[in-house]
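**Student:** Dropping a structure here in structure tokens format, bear with me for questions.
The values are calculated or read from the model by the stated rules, or taken from the named source; none is laboratory data. These numbers come from a predicted model, not from an experiment. Cβ coordinates were reconstructed from backbone atoms using ideal geometry, including for glycine residues, and neighbour counts include every protein chain displayed.
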């Protein structure tokens, strides 16, 4: 008789919903990656892009004539054995439906919609429904990755009335899309249902090896291995299913989760703090019961700086502020040494990382010298440097908005201490992150905010976060970084067809941003996972740092 295996995992916070198109967050991905599978993905060991639901990774074909001349065509063919839970095959029609669902102006898929602006059309082969051509209007460096890493949704489940058949992808891409949708009650009803709780917290099963069994709000999310799953004995990690159940326990408090771990009720704590990680690793009573896994993920910590504020508009002033941060001390205090100081927006493992740039060291006297050269002096002897800006004396007094987490609090306190020695007054303001984002970042009513930027294994596209086109409350350039030279380099990166030229532009951009210091770059943290020795598992650089479905019961 086979005993059912259950892998118990801690989630610090509950995801809002489990629908990648509507909520592509790291928190949600930690759960939905076992339900929703993309057509291709990066292997967790080799980090190479590998096919999952499709026969092969397509090569782009330059379009030499016709309406899409100058663009690129990608031909995708789904595996013949890939099947939905009702036994029907995955086809190009499902991909077309999925992409139209994103383009539909009534669905809450805005984050994906901007990426699909590059796609001009998608055409299903009339003689082979498993084969589909995707047309890009222009060359784009991430075209292949963008399309093949997309999740596919079954139309039979999400659109049983076939409402989306009544509008074409081209129409949804036109300037009249909103009018066309609003004129068709079936299309407006589709969006309402697609956005609803039904398809975000209840009926969220897809083509992955697990299905949602139960979701008890703020307590547990239970995934159950599918019986008679179409992919068996596979060497593709995303399709494997070794635990019979994966149970996510929502436990915000680390002390509580560590207690549960020691008592044997929890098997995995991802993203544990350094203190908890090393305390257990050095505990003679428990250390032999667990594996202690470390892995650098594609993300970095930084302090956002409001470039639009007069006091912070000068790159030299931003560099001086960067010189007031003791990053090695932060890594030692917060991470027990597990972290790497960074100099810019790209990960050091990328082939275009600019290795000639050196981390900015703590240099209080150097910072004071820069402030003095730029006219910031303590003219009224109150301990804070000041300067006349736009006819008005302004004190160098800055607010740093933090969430109150150990990380943000330590970053703020250390900066506050060093800054005071240079005549800069730092006020620490604690708020919920959602409030900081809504009331400060999006309104540009802030000075400094510690943040984290999570990245992917694919080529970096700096456009959304760093191009001046996106200095808008509805877009991602929250720091108001505006640089004609940076914009030019970003545009070149996006259009360069050969890697040598593109890598050169990447390195130039890093050097420019190193000089501009639009944000204060801190460090790349190293993920720390604690796994019970009841399971055999590995960590990976691929987010979120582990693949629970590949964990095997220890023999």
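**Student:** Please enumerate the residues belonging to the range 132-148 that are crowded, with 18+ Cβ neighbours inside 10 Å and touching a residue at least 60 places away in the same chain (Cβ under 8 Å).
**Tutor:** Across the range 132-148, the qualifying residues are 134, 135, 136, 137, 140, 141, 143, 144, 145, 147, 148.
**Student:** Give the number of residues within the range 384-411 that are touching a helix residue (DSSP H, G or I) at 6+ places or on another chain (Cβ under 8 Å), assigned to a loop (DSSP other than H, G, I, E, B) and either modelled with pLDDT under 95 or surrounded by fewer than 19 Cβ atoms within 10 Å (Cβ to Cβ) (or both).
**Tutor:** The number of residues fulfilling the criteria is 2.
**Student:** In the range 422-436, which residue that is modelled with pLDDT of 95 or more and part of a helix (DSSP H, G or I) is farthest from residue 411 (Cα to Cα)?
**Tutor:** 435
**Student:** In this structure, does residue 414 turn out to be in contact (Cβ under 8 Å) with a residue 60 or more places away in the chain, crowded, with 16+ Cβ neighbours inside 10 Å, assigned to a helix (DSSP H, G or I) and more than 23 Å from the chain's Cα centre (by Cα)?
**Tutor:** So residue 414 passes the test.
**Student:** Based on what the data block shows, is residue 272 assigned to a loop (DSSP other than H, G, I, E, B), outside the structural domain of residue 375 (by TED's automatic domain parsing) and out of contact with any helix residue (DSSP H, G or I) (no Cβ under 6 Å at 6 or more places or on another chain)?
**Tutor:** yes
**Student:** Looking at (1) out of contact with any strand residue (DSSP E or B) (no Cβ under 7 Å at 6 or more places or on another chain); (2) buried (at least 20 other Cβ atoms within 10 Å of the Cβ); (3) touching a residue at least 24 places away in the same chain (Cβ under 8 Å), find the lone condition where residue 448 falls short.
**Tutor:** (1)
**Student:** Here's something else I'd like to know. Could you count how many residues in the range 298-345 are in a loop (DSSP other than H, G, I, E, B) and over 20 Å from the mean Cα position of the chain (by Cα)?
**Tutor:** 13
**Student:** Would it be correct to say that residue 34 is at pLDDT below 90, under 19 Å from the mean Cα position of the chain (by Cα) and part of a loop (DSSP other than H, G, I, E, B)?
**Tutor:** When the stated conditions are applied, residue 34 does not pass them.
**Student:** Counting just the residues of the range 539-555 that are part of a loop (DSSP other than H, G, I, E, B) and surrounded by fewer than 17 Cβ atoms within 10 Å (Cβ to Cβ), which one comes out modelled with the highest pLDDT?
**Tutor:** Restricting to residues being part of a loop (DSSP other than H, G, I, E, B) and surrounded by fewer than 17 Cβ atoms within 10 Å (Cβ to Cβ), the top hit is 554.
**Student:** Additional query: Anything in the range 190-234 that is farther than 23 Å from residue 83 by Cβ, part of a strand (DSSP E or B) and touching a helix residue (DSSP H, G or I) at 6+ places or on another chain (Cβ under 9 Å)? List them, or say none.
**Tutor:** 215, 221
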